[in-house]
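The values are calculated or read from the model by the stated rules, or taken from the named source; none is laboratory data. Just so you know, these numbers come straight off a predicted model, no measurement behind them. Cβ placement follows ideal geometry from the backbone for every residue including glycine, while neighbour counts extend to all protein chains displayed.
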Amino acid sequence: MAGRRVNVNVGVLGHIDSGKTALARALSTTASTAAFDKQPQSRERGITLDLGFSCFVVPLPGAEPGSSDTLLQVTLVDCPGHASLIRTIIGGAQIIDLMMLVIDVTKGMQTQSAECLVIGQIACQKLVVVLNKIDLLAEGKRQAAIDKMTKKMQKTLENTKFRGAPIIPVAAKPGGPEAPETEAPQGISELIEVVKKVKSMQMFHTPVTSAMQGDRLGICVTQFDPKLLERGLVCAPESLHTVHAALISVEKIPYFRGPLQTKAKFHITVGHETVMGRTLFFSPAPDSFDLEPVLDSFDLSREYLFQEQYLCKDSMPTATEGDDEADPKAGHAPGGHCPRQQWALVEFEKPVTCPRLCLVIGSRLDADIHTNTCRLAFHGVLLQGLEDKNYIESFLPALRVYKLKHKHGLVERVMDDYSVIGRSLFKKETNIQLFVGLKVQLSTGEQGIIDSAFGQSGKFKIHIPGGLSPESKKILTPTLKKRSRAGRGETTKPEEGTERPEPIQPVTLNLSFKRYVFDTQKRMVQTP
């Protein structure tokens, strides 16, 4: 009986013209119909436009002689290197177990090399760096140049999870693309030995009667016009769902410059599909910032704090003057303390089909590809997809994301021991009736309840259930200037139309409440 093959997918990624396809060709013993830029468009443009697949087979490391598992099949996934094809690169990276980052040894790290490294940190666990085109180095200085570039790459990887990754020098196509095939590639056998030693995260078995996720498989379908077939998804029943929006756990990619703003649009890559999506970021309530992250489910029973932007220490906003309807710091982490986990509601411009718990990457692919900036903004895991296209009415009201609102005003005067008049908390046109029954805190310590509007200028009456303390009354009771009338010792009353005297010192009012973002009734809620 033929030995069973154990398959591992190895992605070949790097900057355009670093020699990825030449490397795949040098390594491979078997090519698929999509390998080595066979598409007419790829040949016409001279670049890789889509994923290419090929493979080579070696003895399985550690397999006992005579066992059924005797062969390791390495499937090479050749990814494009052009910046405009980042969607295809991300899609290819999601099916690989090991990444080979191909570097032109004469140029070092380039823009797409860096983006591929970022994608690798998100999508796979193992990395091998391939320093290609060593044949272009002057023979007398070749080893010194290789050693110098090796040290540079080691330093680049130092602060990533790939620290200490193998770095292998090769010449996949000595003499360049136009050179004759007579000269053998250099360093390929050493590279194969390294790939054999690297243990992958997943191993997929590929018997001829079945196939699993990540396997390259050819299927013969008779009586079918291939021109009618577009790229699609093959899956077990009920394993994929078409969703209009999703709740994702989100983590910012540190190389992305600028904030991740709520309501901003990003290119959202889910599986092999990339669509535009609008984001809304939120975090745990402040007292839950230190809870352990949960990456496989979303708890709808909890409350979450709305964020104007994703919170990270280097983008903590400073207090600015805002309108009196909301605290300018509302929704921002107290004291610069970041939550251990944050989420986003992503609303897609068109539905996407994907499994639950799949990788999600947010990008700004409209950025200038000629600038030296990272276009990958965030990554996450899809925790819950919203399949109902009317999810705004059917689902979102159950998502308890709230904004903290703070309003500040002043006590104008005392009416009696249990009542004061407030002002400057509302605008003249505000319907104060909506706020009746809400609690306010006086700076003198008493708690009051908004009782009713007072006049037409935005003033209001506050009931003090426990009554004003003597100290508060003393502060709030103005001292009228006295003057005697013709020796009779009478005090004068304020003339009609003049403003009432202010309290001896200002007494402020603070009104705080929650307003839930998706509450259709826009209710204001105060915690007991």
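A compact table of results
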read-out: Failed item, numbered, when Val411 is tested on (1) of a type in the set (Val, Ile, Thr); (2) under 27 Å from Tyr310 (Cβ atoms); (3) touching a strand residue (DSSP E or B) at 6+ places or on another chain (Cβ under 7 Å); value: (2)
read-out: Among residues of region 74-90, those that are surrounded by fewer than 22 Cβ atoms within 10 Å (Cβ to Cβ) and of a type outside the set (A, V, I, L, M, F, W, C), counted; value: 4
read-out: Boolean, Thr75 is outside the structural domain of Asn372 (by TED's automatic domain parsing), more than 23 Å from Pro174 (Cβ to Cβ), part of a strand (DSSP E or B) and at pLDDT below 80; value: no
read-out: Selection count where residues are free of Cβ contacts under 8 Å to residues at least 60 places away in the same chain and hydroxyl-bearing (Ser, Thr, Tyr), scope region 10-25; value: 1
read-out: Condition check for Arg400: at pLDDT below 95 and in contact with a Leu (Cβ under 8 Å, 6 or more places away or on another chain); value: no
read-out: Which listed residue, of Leu425, Leu434, is aliphatic (A, V, I, L, M), under 23 Å from Arg523 (Cβ atoms) and assigned to a loop (DSSP other than H, G, I, E, B); value: Leu425
read-out: Complete set of residues in region 255-305 that are among the charged types (D, E, K, R) and either buried (at least 18 other Cβ atoms within 10 Å of the Cβ) or touching a residue at least 12 places away in the same chain (Cβ under 8 Å) (or both); value: Arg257, Lys263, Lys265, Glu273, Arg278, Asp290, Glu292, Asp296, Arg302, Glu303
